[in-house]
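The values are calculated or read from the model by the stated rules, or taken from the named source; none is laboratory data. It should be emphasised that the depicted structure is a prediction, and the values quoted were computed from it without experimental measurement. Here the Cβ positions follow ideal geometry from the backbone for every residue, glycine too, while neighbour counts run over all protein chains shown.
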Amino acid sequence: MAETSGTAHAEGQQHPISTYFKVWGLLFVLSAASYAVDYFHVESYLRWTLILVFMMAKAGLIVAVFMHMRWERLALLYAITLPPVLVLVFVFLMTFEADYTFLTRGLFFSS
């Protein structure tokens, strides 16, 4: 009985080390691109958009590969990723609400 439990424990999901090396390389490239945005003095909304895109890409890679979310069941994946996505949608919608409130207060208090 001890032998079968030992072999069952030894049988696990093994990922090739090349996957991790590729992700490390991609993280390095994304970090270099993020630093290049500052190095080349990119300004305005383009700067912040590029920095946020690179940041989200790096975070997604880390969560997917190093936290093993890529190999999890879909229900667990939705349980972890869906709430932050919904919060981002809510924040996006509230920016329009804030603009509307600012406009109506300006119209109301200016008269």
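Evaluate region 45-58: report whether one residue or more is of a type in the set (Gly, Ala, Ser), out of contact with any helix residue (DSSP H, G or I) (no Cβ under 6 Å at 6 or more places or on another chain), in the same structural domain as residue 15 (by TED's automatic domain parsing) and free of Cβ contacts under 8 Å to residues at least 60 places away in the same chain. Give the derivation first.
Filtering region 45-58 down to residues of a type in the set (Gly, Ala, Ser) leaves 57.
Cutting the leftovers down to out of contact with any helix residue (DSSP H, G or I) (no Cβ under 6 Å at 6 or more places or on another chain) gives us none.
Taking every residue of region 45-58 in turn, none turns out to be of a type in the set (Gly, Ala, Ser), out of contact with any helix residue (DSSP H, G or I) (no Cβ under 6 Å at 6 or more places or on another chain), in the same structural domain as residue 15 (by TED's automatic domain parsing) and free of Cβ contacts under 8 Å to residues at least 60 places away in the same chain.
Starting from residues that are exposed (fewer than 12 other Cβ atoms within 10 Å of the Cβ), of a type outside the set (Gly, Ala, Ser) and in a helix (DSSP H, G or I), keep the ones in region 13-28 and report whichever is nearest to the chain's Cα centre (by Cα).
Out of the qualifying residues, it is 28.
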